[in-house]
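Beneath this line is the structure, given in structure tokens, with notes to follow.
The values are calculated or read from the model by the stated rules, or taken from the named source; none is laboratory data. None of these values were measured; they are calculated from a predicted model. As a convention, Cβ positions derive from the backbone with ideal geometry for all residues, glycine included, and neighbour counts pool all protein chains shown. Side chains are part of the model used for accessible areas, which takes the heavy atoms of the whole protein and leaves out ligands, DNA and RNA. Shrake-Rupley method; radii C 1.70, N 1.55, O 1.52, S 1.80 Å.
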Amino acid sequence: MQKGSVLGYDLNEKNCQISYYDENKEEPETMEAAVDNYQIPLILGYYKERWVYGQEAKRLREAGEGDIVTHLFRKAVKRKKVRVGGKIHDGVWLLAKFISLTLKKFEQIDYITFSVPYTNVDMSKMLKGIGKYIGVPGECVFVQDYKESFCQYMFYQPKELWQYESALFYCDAQEIRAYMLRRLNTVSTKSRDMFVTVEEVANAHMKELEAIYPVLNVDKAKDADESFKSFIQNVFDKKVVSSVYLTGEGFENNWYPNSLKVLCNGRRAFLGNNLYSKGACYSSMRYADPYDDGPIYLDGTKMTEQICLRMRIGGQEGWYPIVAWGTHWYEADGQWEVILEDTSDIEIHIETLDGEDLKVETVSLEELPERTDYSLRLQIEVMFMDERTCRLRFKDVGFGEFYPASDFLVEKELHLGGINGQFNSLS
């Protein structure tokens with residue numbers, strides 16, 4: 001991997017942040033927007049037929065010059081139209097323009113993972129489309145939410161930091177939210193994988209925070225400190241927590257000395273604002289190295305079913321997933337080519353994490369022309385119609401000049417359990 005070709009991109013309503021893989025460093029580096037500042041303001045400016053972004057766009061706004069576009073994330077999600085420089089631009093195009101400007105230092109991007117506050121089908125499609133706009137193939141663009149970014153970040157930390165549960169506290173000017181990383185108890189005994197999740201376990205609106213941010217008010221700070229300490233104690237009640245992470249602009253002022261003592265009592269605590277972009281970069285690193293067999297992240301939006309075919313890969317025959325658990329159904333489409341031995345059908349295994357039952361489906365190959373062993377090449381395509389319906393297509397693509405492709409084509413529709421209700425049973 002070339003330096004800077006594997007990226008993590010934190011994107012939210014206010015800022016963006018970029019972390020990149022450097023093979024000479026033990027962990028991803030975060031790109032500085034200014035000295036000791038990683039946050040790039042999510043603002044776009046147009047002045048004298050030139051696009052600018054971030055701090056330069058803020059300076060234009062302060063000077064009252066040019067056309068300024070704020071709330072880029074929201075405008076893109078809502079597909080709003082905006083007039084800039086006498087032209088009407090789509091909100092998605094403006095966000096793509098901003099992202100391309102922030103990434104101009106990277107000559108080539110092989111993998112990029114966007115970390116966003118939430119994700120769904122539309123968010124994934126939008127950001128994958130933006131990835132293509134900046135020149136990254138769709139299959140190398142990934143989207144995950146902040147909880148998964150925290151989880152991916154933790155996978156690369158020393159194991160003792162997440163031996164038990166690990167806590168993340170996020171604080172802005174009005175609110176504190178607490179998250180816990182923990183292991184899941186899967187029913188399936190067939191999988192040796194470790195499954196983990198991150199859940200929001202508590203949140204609180206604290207009026208005192210409004211008074212201490214951004215200017216520290218001593219009396220209000222003491223009240224906020226006491227409130228936060230009680231909040232922490234409730235979160236940690238009857239839990240064994242190995243480590244704690246604090247992130248968000250609300251933790252920038254040192255208003256919580258007593259709370260910090262509770263946080264650090266028997267565990268290690270860390271403060272920083274580049275956790276999400278680093279977690280996204282770690283995800284990109286895992287996609288770049290598919291042989292990594294680390295833990296699998298699950299939540300209520302991820303598949304708890306796995307679809308496997310018996311194949312020979314790298315000389316090893318076994319059951320290999322064509323759809324792996326822990327993926328979003330809307331990102332699970334794919335296409336492969338396999339060479340088969342002499343066989344009359346293909347067996348499909350569907351394994352679920354919330355039960356012992358193994359569902360078996362078969363596809364008949366009787367209509368295929370007869371060929372010698374290992375000269376039968378099939379194209380297998382996976383297409384998800386929705387979260388419960390997966391369509392498999394098997395097509396004969398021939399074998400070079402020796403055997404031309406026939407008109408053999410068969411489809412198999414699999415009906416899955418979906419994600420609703422299954423994830424909760426793993427808790």
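So, in the stretch 16-59, exactly how many residues are free of Cβ contacts under 8 Å to residues at least 24 places away in the same chain and in a loop (DSSP other than H, G, I, E, B)?
Of the residues in that region, 10 qualify.
Only one of (1) surrounded by 15 or more Cβ atoms within 10 Å (Cβ to Cβ); (2) assigned to a strand (DSSP E or B) fails for Gly318. Which number is that?
(1)
So Asn254 clears everything in (1) outside any loop (DSSP other than H, G, I, E, B); (2) at pLDDT below 90; (3) open to solvent by 20 Å² or more (accessible area, probe 1.4 Å) except one condition, right? Which one?
Single failed check for Asn254: (1).
Across the stretch 102-133, what is the total count of residues that are over 19 Å from Asn15 (Cα atoms) and among the aliphatic types (A, V, I, L, M)?
2
When the residues of the stretch 5-17 are narrowed to those that are within 17 Å of Gln152 (Cα to Cα) and not hydrophobic (A, V, I, L, M, F, W, C), which ends up farthest from the chain's Cα centre (by Cα)?
Once the filter is applied, the top-ranked residue is Gln17.
Do we have any residue at all in the stretch 149-159 that's modelled with pLDDT of 95 or more and among the aromatic types (Phe, Trp, Tyr)?
Yes, that holds for at least one residue.
What do you reckon, is Cys151 open to solvent by less than 30 Å² (accessible area, probe 1.4 Å), in contact with a Leu (Cβ under 7 Å, 6 or more places away or on another chain), closer than 28 Å to Lys125 by Cβ and of a type outside the set (Val, Ile, Thr)?
Yes.
Just to check your reading of the model, which residue among Gly91, Gly129, Gly85 is touching a Lys or Arg at 6+ places or on another chain (Cβ under 9 Å) and small (Gly, Ala, Ser)?
The conditions single out Gly91.
Kindly indicate whether any position in the stretch 259-276 is surrounded by 23 or more Cβ atoms within 10 Å (Cβ to Cβ) and in contact with a Ser or Thr (Cβ under 8 Å, 6 or more places away or on another chain).
Looking for residues that are surrounded by 23 or more Cβ atoms within 10 Å (Cβ to Cβ) and in contact with a Ser or Thr (Cβ under 8 Å, 6 or more places away or on another chain), one finds at least one in the stretch 259-276, hence yes.
Do we have Tyr20 as touching a Leu at 6+ places or on another chain (Cβ under 6 Å) and closer than 18 Å to Tyr153 by Cα here?
yes
Hey, which of the helices (runs of 4 or more DSSP H) in the stretch 60-136, taking only ones fully inside, have at least 1 residues that are touching a residue at least 24 places away in the same chain (Cβ under 8 Å) and of a type in the set (Ser, Thr, Tyr)?
91-102, 121-133
Of Tyr38, Tyr21, Tyr47, which residue is surrounded by 15 or more Cβ atoms within 10 Å (Cβ to Cβ), over 26 Å from Leu275 (Cα atoms) and out of contact with any Phe, Trp or Tyr (no Cβ under 8 Å at 6 or more places or on another chain)?
Exactly one of Tyr38, Tyr21, Tyr47 is surrounded by 15 or more Cβ atoms within 10 Å (Cβ to Cβ), over 26 Å from Leu275 (Cα atoms) and out of contact with any Phe, Trp or Tyr (no Cβ under 8 Å at 6 or more places or on another chain), namely Tyr47.
State which residue is modelled with the lowest pLDDT when the search covers only the stretch 137-148 and only residues that are open to solvent by 50 Å² or more (accessible area, probe 1.4 Å) and in a helix (DSSP H, G or I).
Ranking the qualifying residues of the stretch 137-148, first place goes to Glu139.
Taking the stretch 372-419 as the region of interest, how many residues are in a loop (DSSP other than H, G, I, E, B), of a type in the set (Val, Ile, Thr) and at pLDDT 90 or above?
Residues flagged as in a loop (DSSP other than H, G, I, E, B), of a type in the set (Val, Ile, Thr) and at pLDDT 90 or above within the stretch 372-419 amount to 0.
Among the numbered conditions (1) open to solvent by less than 40 Å² (accessible area, probe 1.4 Å); (2) modelled with pLDDT of 90 or more, tell me where Glu175 comes up short.
Checking Glu175 against (1) open to solvent by less than 40 Å² (accessible area, probe 1.4 Å); (2) modelled with pLDDT of 90 or more, the one that fails is (2).
Residues Gly66, Gly129, Gly54, Gly85: which one is open to solvent by less than 60 Å² (accessible area, probe 1.4 Å), among the small types (Gly, Ala, Ser) and closer than 30 Å to Gln157 by Cβ?
Details: Gly66 fails: closer than 30 Å to Gln157 by Cβ; Gly129 fails: closer than 30 Å to Gln157 by Cβ; Gly85 fails: closer than 30 Å to Gln157 by Cβ.
Just one listed residue meets the conditions, Gly54.
Read through the list (1) at pLDDT 90 or above; (2) open to solvent by less than 20 Å² (accessible area, probe 1.4 Å); (3) closer than 24 Å to Val262 by Cα, then give the number of the only condition that Thr197 fails.
Among (1) at pLDDT 90 or above; (2) open to solvent by less than 20 Å² (accessible area, probe 1.4 Å); (3) closer than 24 Å to Val262 by Cα, the lone unmet condition for Thr197 is (3).
Just one of (1) open to solvent by 40 Å² or more (accessible area, probe 1.4 Å); (2) out of contact with any Lys or Arg (no Cβ under 7 Å at 6 or more places or on another chain) trips up Tyr170, so point out which.
(2)
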